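Asks: Attaching a single structure in structure tokens format; questions to follow.
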């Protein structure tokens, strides 16, 4: 079965969202109205609607870190993850967790970074050298 996910959530400012998701993250803009805008995020549909963003707490324990929950995540190949880390760093994005490798030398070794969009929505981007590591035990 081939599929793509669709996720819709609130942002407080569509212009700021366009600048962040379009210019900084590099997502192509899709359809929009005065109250929402769609983006192509690596082939998946993100729909950003004007409203109050969902509440988050730093309660997800991963290794030695507490990460924002809930959060949107994207998994990339390692080279693409590094390019995204470089892009976000160059844009001056404030990281919740700066780009780092976790579980080094273990099953599931991955690059990770956490940051928030201009409305405070948390995003994690992971990178794997080998896709099979995504579900490694």
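Asks: Return the single residue from 112, 100, 33 with maximal mean-square fluctuation; model: Gaussian network over the chain, springs between Cα atoms under 10 Å.
Replies: Sorting by GNM fluctuation, first place goes to 33.
Asks: Given the options 99, 107, 70, which has the most mean-square fluctuation in a GNM of the chain, springs set between C-alpha atoms less than 10 angstrom apart?
Replies: Taking springs between Cα atoms under 10 Å, the residue moving most is 107.
Asks: Based on the Kirkwood radius over alpha-carbon pairs, what value in µm²/s does the Stokes-Einstein equation return for the translational diffusion coefficient of segment 57-135 at 4 °C and 1.567 mPa s?
Replies: Here the translational diffusion coefficient equals 101 µm²/s.
Asks: How far, in degrees from 0 to 90, does helix 78-90 lean away from the longest principal axis of the Cα atoms of the chain, to the nearest 10?
Replies: That helix lies at roughly 50 degrees to the long axis.
Asks: Explain nothing, just the number: relative contact order of segment 1-116, from Cα pairs under 8 Å at least 6 residues apart, as a whole percent.
Replies: Dividing the mean separation by the residue count of segment 1-116 yields 19 percent.
Asks: Let me ask something else. Beyond 13 Å, what percent of the Cα pairs of segment 28-79 remain?
Replies: 70 percent
Asks: How much length, in nm to one decimal, is gained on full extension between residue 104 and residue 42, taken as 0.36 nm per residue of separation minus their Cα-Cα distance?
Replies: Between residue 104 and residue 42, full extension yields an extra 19.8 nm.
Asks: Same structure, new question: If R₀ is 22 angstrom, what is the calculated FRET efficiency for the pair residue 97 and residue 57, using the beta carbon separation as r and rounding to 0.05?
Replies: With R0 = 22 Å, the Cβ-Cβ based efficiency is 0.90.
Asks: Do me a favour and compute the ellipsoid semi-axes for segment 6-50 from its Cα gyration tensor, root of five times each eigenvalue, largest one first, whole Å. Spell out each step's value before the answer.
Replies: Numbers: eigenvalues 40, 29, 14 Å².
Semi-axes (√(5λ), whole Å): 14, 12, 8.
Asks: Relative contact order of segment 57-135: what whole-number percent is it, with Cα pairs under 8 angstrom and at least 6 residues apart?
Replies: Numbers: 133 pairs, mean separation 25.8, N = 79.
Over segment 57-135, the number comes to 33 percent.
Asks: For segment 1-90, what proportion of DSSP beta bridges, expressed in % and rounded to the nearest 5, is antiparallel?
Replies: Around 70 percent antiparallel, to the nearest 5.
Asks: For the chain, what is the calculated [θ] at 222 nm in deg cm²/dmol (nearest 500), taking -39500 (n - 2.57) for each run of four or more DSSP H residues and dividing by its residue count?
Replies: Value at 222 nm, helices only: -3500 deg cm²/dmol.
Asks: Over the Cα atoms of the chain, what radius of gyration and what Dmax do you get, in Å?
Replies: Rg, Dmax (Cα atoms, Å): 15.1, 48.
Every read-out reported here was derived from the displayed coordinates using simple, explicitly stated rules and does not represent laboratory data. Nothing here was measured: the structure is a model prediction, and the numbers come from that model. Glycine also receives a Cβ, built like all others from the backbone with ideal geometry; neighbour counts cover every protein chain displayed.
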